[in-house]
Amino acid sequence: RLADAADGASGGASGAATASGGADVTMGDAPSSSAPSSGEDDEAALLSDLDPTKLQRLVDVMFQRCYRDQKFNHALGVAFEARSLDRVREILDRCGGDNGGGGGGGSDDGERLATLRYALDSAVGLVSNRTFRDEVVAIIAHHLSSIFVATTTTTTTSTGTSSGNSKLHSATAVALCVSYQLLG
């Protein structure tokens, strides 16, 4: 990818970096000059003025608001940006309800699966630190396993709702397989 990006940057193969999926390396990543831009100076000044205690309280308020409004995807975004595994665990525990996660094969598990799939897609697409990403995927796989087991039990013991539970079970199995594949 780096060679493709270098060729694309030098004009050798136009668009080679983006066509091969190597869009991770862009011209914006290369230093344009030795002196920092005024935007970087402004950002450094802003960051030096921040009070870590107040910032932490603000982030905590953001999480509480996300939890209150059931906006788990938003909370996951904040946790990913902060690289906080504890927050990722907390969010995924809360998205399953007060007891830590559905377990009955019902609509709660369907909503929980949607959040877990969003978390998996986001972790793969947005988290660049491989160690953190792998730890997040392992947490997601753990939660997917609990839904898989719950829907296995529900699908085999119930008669009237097996179609819906079977779809949930299959979707969970696919997401779980993807998680395990990513973990190697």
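The values are calculated or read from the model by the stated rules, or taken from the named source; none is laboratory data. Note that the structure is predicted; figures quoted are calculated from it, not measured. Cβ sites come from the backbone with ideal geometry, for glycine too, and all protein chains shown count toward neighbours. The area values use the complete protein model at the heavy-atom level, side chains included, leaving out ligands, DNA and RNA. Shrake-Rupley method; radii C 1.70, N 1.55, O 1.52, S 1.80 Å.
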Worksheet entry | Extreme residue, nearest to residue 70 (Cα to Cα), among residues of segment 123-137 that are small (Gly, Ala, Ser) and surrounded by fewer than 16 Cβ atoms within 10 Å (Cβ to Cβ) | 125
Discussion item. I'm told residue 65 meets every condition in (1) more than 13 Å from the chain's Cα centre (by Cα); (2) modelled with pLDDT of 90 or more; (3) surrounded by 14 or more Cβ atoms within 10 Å (Cβ to Cβ) except one. Can you identify the failing condition by its number?
Written reply: (3)
Worksheet, complete the sentence: Flagged pairs (Cβ under 8 angstrom, 6 or more apart or on separate chains; first in segment 31-55, at negative phi; second modelled with pLDDT under 70 and assigned to a loop (DSSP other than H, G, I, E, B)) are 44/36
Worksheet item: Which condition number does residue 70 fail, the rest of (1) in a loop (DSSP other than H, G, I, E, B); (2) open to solvent by 30 Å² or more (accessible area, probe 1.4 Å); (3) modelled with pLDDT under 90 being met?
Response: (3)
Worksheet, complete the sentence: Within segment 88-114, the residues that are touching a Leu at 6+ places or on another chain (Cβ under 9 Å) and modelled with pLDDT of 90 or more are 88, 91, 92, 112, 113
